[in-house]
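Chemist: Got a structure for you, written out below as structure tokens; questions coming shortly.
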Amino acid sequence: MGGVSRSAAVTGATPRSPLVQFFSARLARVQERMEEMGVRSALVSHGGELPWLTGYTAMPLERVTLLVLRLGEDPQLLVPAVEAPRVVAHDELFSLRPWRDSEDPLDIAADLVGRRARGVVALSDRAWAGTLLGLQSRLPGMRFVCVSEVTSPIRAVKDSHEIGVLRDAAHAADRVAAAVQSGEVPLAGRTESEVAGDIGARLIAEGHDHVNFTIVGSGPNGASPHHDSGDRTIGERETVVCDFGGKVGVRGASFGYCSDITRTVVTGSPSAEITECYEVLKGAQAAAVQAARVGVPAEDVDAVARSMIDAAGYGKYFIHRTGHGIGIDEHEEPYIVAGNTTPLAPGNAFSIEPGIYVPGRFGMRIEDIVVATDEGPVPLNVADHSLAVVG
Ligand code: ZN
Ligand code: ZN
């Protein structure tokens, strides 16, 4: 592992920061897996892998950024020269190769991979099509695969540093959820957008660097799971689905980890139908959290929530998967969905978020982030799960 073993020689007695040790361990794991899979080179563009491996978040510009990983060679980070000052150098992890606008970064990458090389090269799933097509024409002997084939199983298992930041993010989101549930954020008589603005401001005040989304779906709008909060005024005795999250930054680095929580509240005493429906949802969500044990296939966790909602007669109103992994990206592996037979592993972090959506009438969802551990599932979100009645 050239890029990793180099560290001792280059840095000598200088102690490495804990964060750099995590990057170094991840690079070593990725290179091990490349070797196992017969992947000669991996080209990591913008997307979650880059900060996960280097601490650097590339803007999704038309100018190309590529971390070039090759078996037995030191990693090189090709960045546009205009972006280079933003890169925190970690000489023990990678060497920086800024490219000027008069240069062609795909030519540089192709030369590093080897123009006559044959074999498999992995490229970021979220690289531009232009990057892929340009590389394919320069590397005719290579077969291209998605870098996630190499990195996903590693990224899906969060290390202690990642779980620490995810927990901080979840608790920050919990405090905002508690403010909604207590009535501190007024709902009835205000528009969804106003409430969404309040929630976003509170996410920042509670420690997020960035707001990813704030969904406020009131009354019939709650039946659209990804509703765009709009100018509808929230009425009395309506359910309001509040789903929001952002990013909490890693100290000393330009990236962070996501929060994502949903709580449903009701403005005034709920009807018997809403109360009954909510009890079904709450039971299904809690059962799915409890089912999320190490070794259990992800699809079985989905089935637990789905079968309970089905049995109560609301199955046709539960129109999405039960959850998604979370980390640097809002949505990543593992997906808690029918068809995903991969067993949960210790360190997997994911949402459990069943919902019931009755078109034209109302919706409800409860969402927590959960970590699978050898001691059982650990919910990172602890905000109250009961149906809060607010003003
Ligand atoms: Zn959510
Ligand atoms: Zn979610």
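Chemist: Name the single residue, out of those in the stretch 356-369 being in contact with a Ser or Thr (Cβ under 8 Å, 6 or more places away or on another chain) and not basic (Lys, Arg), that is nearest to ligand 1 (Cβ to nearest atom).
Modeler: Taking the candidates together, the pick is Glu367.
Chemist: Output the residues belonging to the stretch 251-272 that are away from ligand 1 (no atom under 16 Å from the Cβ) and either out of contact with any Asp or Glu (no Cβ under 9 Å at 6 or more places or on another chain) or outside the structural domain of Ile352 (by TED's automatic domain parsing) (or both).
Modeler: Once the filter is applied, which keeps residues that are away from ligand 1 (no atom under 16 Å from the Cβ) and either out of contact with any Asp or Glu (no Cβ under 9 Å at 6 or more places or on another chain) or outside the structural domain of Ile352 (by TED's automatic domain parsing) (or both), the stretch 251-272 yields Arg251, Gly252, Ala253, Ser254, Phe255, Ser269, Pro270, Ser271, Ala272.
Chemist: Is it the case that Val240 is within 30 Å of Glu184 (Cα to Cα), among the hydrophobic types (A, V, I, L, M, F, W, C) and either at pLDDT 95 or above or more than 16 Å from ligand 2 (Cβ to nearest atom) (or both)?
Modeler: When the stated conditions are applied, Val240 passes them.
Chemist: Could you tell me which of the residues Ala205, Ala169 is crowded, with 20+ Cβ neighbours inside 10 Å, assigned by TED's automatic domain parsing to the domain that holds His320, closer than 23 Å to Val248 by Cα and under 23 Å from the mean Cα position of the chain (by Cα)?
Modeler: Within the list Ala205, Ala169, the selection yields Ala169.
Chemist: Another one. Restricting the stretch 1-38 to residues that are modelled with pLDDT under 80 and closer than 12 Å to Leu69 by Cβ, which is surrounded by the most Cβ atoms within 10 Å (Cβ to Cβ)?
Modeler: Ranking the candidates gives Gly3 first.
Chemist: If we scan the stretch 368-377, do we find a residue that is in a strand (DSSP E or B), among the charged types (D, E, K, R) and touching a residue at least 12 places away in the same chain (Cβ under 8 Å)?
Modeler: Yes: the stretch 368-377 contains one or more residues that are in a strand (DSSP E or B), among the charged types (D, E, K, R) and touching a residue at least 12 places away in the same chain (Cβ under 8 Å).
Listed here are the residues, each with its yes/no results for (1) within 21 Å of the chain's Cα centre (by Cα); (2) away from ligand 2 (no atom under 16 Å from the Cβ); (3) of a type in the set (Asp, Glu); (4) not assigned by TED's automatic domain parsing to the domain that holds Val180.
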{"residue": "Phe318", "(1), (2), (3), (4)": "no, no, no, no"}
{"residue": "Ile336", "(1), (2), (3), (4)": "yes, no, no, no"}
{"residue": "Asn340", "(1), (2), (3), (4)": "yes, no, no, no"}
{"residue": "Gly355", "(1), (2), (3), (4)": "yes, no, no, no"}
{"residue": "Arg361", "(1), (2), (3), (4)": "no, yes, no, no"}
{"residue": "Ala383", "(1), (2), (3), (4)": "yes, no, no, no"}
{"residue": "Ser386", "(1), (2), (3), (4)": "no, yes, no, no"}
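Chemist: Also, quick follow-up: If we scan the stretch 204-220, do we find a residue that is at pLDDT 95 or above, away from ligand 1 (no atom under 16 Å from the Cβ), in a helix (DSSP H, G or I) and on the phi > 0 side of the Ramachandran plot?
Modeler: yes
Chemist: Of the residues in the stretch 208-232, how many are acidic (Asp, Glu) and either under 26 Å from Lys316 (Cα atoms) or not assigned by TED's automatic domain parsing to the domain that holds Tyr317 (or both)?
Modeler: 1
The values are calculated or read from the model by the stated rules, or taken from the named source; none is laboratory data. Nothing here was measured: the structure is a model prediction, and the numbers come from that model. Because the Cβ atoms are built from the backbone with ideal geometry, glycine has one as well, and the counts that use them run over all protein chains shown.
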